[in-house]
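This report refers to the structure that appears directly beneath it.
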Amino acid sequence: MQKNLFNYYQKYLPINENTPFVSIGEGFTPLVKSENLSDKYNCNIFFKLEGSNPSGSFKDRGMFLTVAKTLEKKKKKIICASTGNTSASAAAYGARYNLETVVIIPKGKIALGKLIQAMAYGAKIISINGNFDESLLAVKEISDSLDFEIVNSINPYRLEGQKTGAFEIIEQLGFSPDFQFIPVGNAGNISSYWKGYKQFYDSKICNKLPVLYGIQADGAAPLVDNKIIKNPNTIASAIRIGNPASADLAKDSINESSGEFIKVSDDNILDAQKIIARKEGIFCELASAASVAGLIKLISKGYDFSNKNIVCILTGNGLKDPENAQQYLKSNIIKASSDPDEIKEAILKY
Ligand SMILES: *Cc1c(COP(=O)(O)O)cnc(C)c1O
């Protein structure tokens, strides 16, 4: 039987005898040691492949529990604002558990793969003239009167479910990492990880806590710049957020762990995505690549990570965003007929 988060981590989660079982096989994602970057930087870098979740991002870790608690309350409708992955995840669980699912998305701003997912799973999609922050405001405004459960990370069960990422890392390594790099958008996930690490520390399952680095994009860095960004802008749409809902929790996480928020440029993010694909065989989302871009930036600024254990959370799968993957289509493709000799010649001259 496939292990599931619901049963495996039940005693660490707000699950009781009235909570209906929910799972699409989320969690238990691979923690893969980097081969090439570890050597290059003389440290042990691990990638947590959250793109391996059923809907292709970590959002499923929070969604399974949020949907279970929605069903426990006998509610039949869920709603979210989304830069894409929350809607894909909500739509998947909504389909499986027969919930009316509405997603509010910023028009023209969500990656094509994520939009296709929400449509394939059969969600009701409302595209608004506004950005993510405005979508979330609208959701908060209308959810009560229509009796919808909000499944964004302002729902506390999202953060509770996402703690399991930290639990898994501790179990996979056998200890807590020294450092964790994680992209920060609405700032829920970094807060979840910190909660998870602290919970296992308090339960004496690990004996130290990692230092957290929260990575934002230059044009969408409210937590680095310490102000709300009215028109956040970055190529990494999953972290294109100017007014993070969990800003306070995330700041506490960074302070308590003696970490830092840092920002990276879109070029740094694009480079990192390519490095991870070409040197490690892992194709992650641009937002996910921000974590590795952050690590590389700190190393270039002289931070010493030698011989340390570092986890980078690769939050989502690279195939979700085909438009921004167009850069790879510029690679040479040599045309040939089906004649083996001609194919051979093409290979030799590539
Ligand atoms: C949602 C998301 C993020 C940002 O997570 P927050 O909890 O909003 O900070 C990062 N990467 C991907 C791929 C996401 O889907």
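Annotation note: of Ile228, Ile262, the sole residue that is more than 19 Å from the chain's Cα centre (by Cα), in the same structural domain as Ser34 (by TED's automatic domain parsing) and without any contact (Cβ under 8 Å) to a residue 60 or more places away in the chain is Ile228. For the range 195-236, a residue qualifies if it is buried (at least 20 other Cβ atoms within 10 Å of the Cβ) and of a type in the set (Ser, Thr, Tyr), and the qualifying residues are Tyr197, Tyr213, Thr234. Residues that are under 23 Å from Phe175 (Cβ atoms), at pLDDT 95 or above, in a helix (DSSP H, G or I) and of a type outside the set (A, V, I, L, M) occur in the range 12-31; there is at least one.
Checked against the criterion of being among the hydrophobic types (A, V, I, L, M, F, W, C), more than 12 Å from the ligand (Cβ to nearest atom) and touching a Phe, Trp or Tyr at 6+ places or on another chain (Cβ under 8 Å), the candidates Ile241, Ile276 yield just one match: Ile276.
When the residues of the range 183-215 are narrowed to those that are in a strand (DSSP E or B) and not aliphatic (A, V, I, L, M), which ends up nearest to the ligand (Cβ to nearest atom)? Going through the qualifying residues, I end up with Pro183. Could we say that Phe64 is aromatic (Phe, Trp, Tyr) and outside the structural domain of Gly281 (by TED's automatic domain parsing) here? Yes. When residues of the range 23-51 are filtered for being within 16 Å of the ligand (Cβ to nearest atom) and touching a residue at least 60 places away in the same chain (Cβ under 8 Å), how many remain? Of the residues in the range 23-51, 7 are within 16 Å of the ligand (Cβ to nearest atom) and touching a residue at least 60 places away in the same chain (Cβ under 8 Å). Exactly one residue out of Tyr213, Tyr201 is hydroxyl-bearing (Ser, Thr, Tyr) and in contact with a strand residue (DSSP E or B) (Cβ under 7 Å, 6 or more places away or on another chain), and it is Tyr213.
Okay, residues lined up against (1) out of contact with any Leu (no Cβ under 6 Å at 6 or more places or on another chain); (2) farther than 16 Å from Cys80 by Cα; (3) crowded, with 23+ Cβ neighbours inside 10 Å; (4) of a type in the set (Phe, Trp, Tyr):
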position: Ile126; (1), (2), (3), (4): yes, no, no, no
position: Asp144; (1), (2), (3), (4): yes, no, no, no
position: Arg158; (1), (2), (3), (4): yes, no, yes, no
position: Gly161; (1), (2), (3), (4): no, yes, yes, no
position: Glu171; (1), (2), (3), (4): yes, yes, no, no
position: Gln180; (1), (2), (3), (4): no, yes, yes, no
position: Pro183; (1), (2), (3), (4): yes, yes, yes, no
position: Tyr193; (1), (2), (3), (4): yes, yes, yes, yes
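Here's the yes/no breakdown for (1) assigned by TED's automatic domain parsing to the domain that holds Val139; (2) in contact (Cβ under 8 Å) with a residue 40 or more places away in the chain; (3) of a type in the set (A, V, I, L, M, F, W, C):
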residue	(1), (2), (3)
Lys163	no, yes, no
Ile170	no, no, yes
Asn186	no, yes, no
Ile190	no, yes, yes
Gln199	no, yes, no
Asp202	no, no, no
Ile205	no, no, yes
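Residues in the range 73-82: is at least one in contact (Cβ under 8 Å) with a residue 12 or more places away in the chain, surrounded by fewer than 24 Cβ atoms within 10 Å (Cβ to Cβ) and of a type in the set (A, V, I, L, M)? No; the residues of the range 73-82 include none that is in contact (Cβ under 8 Å) with a residue 12 or more places away in the chain, surrounded by fewer than 24 Cβ atoms within 10 Å (Cβ to Cβ) and of a type in the set (A, V, I, L, M).
Taking the stated definitions as given, is Glu17 outside the structural domain of Leu115 (by TED's automatic domain parsing), surrounded by fewer than 21 Cβ atoms within 10 Å (Cβ to Cβ) and over 27 Å from Ile276 (Cβ atoms)?
For Glu17, the condition - outside the structural domain of Leu115 (by TED's automatic domain parsing), surrounded by fewer than 21 Cβ atoms within 10 Å (Cβ to Cβ) and over 27 Å from Ile276 (Cβ atoms) - is met.
Can Thr70 be described as more than 16 Å from the ligand (Cβ to nearest atom), farther than 30 Å from Phe175 by Cα and not in a strand (DSSP E or B)? Against the criterion (more than 16 Å from the ligand (Cβ to nearest atom), farther than 30 Å from Phe175 by Cα and not in a strand (DSSP E or B)), Thr70 qualifies.
The values are calculated or read from the model by the stated rules, or taken from the named source; none is laboratory data. What you see is a predicted model; the values in this text were computed from it and never measured. Note that we place each Cβ from the backbone using ideal geometry, even for glycine, and neighbour counts take in every protein chain shown.
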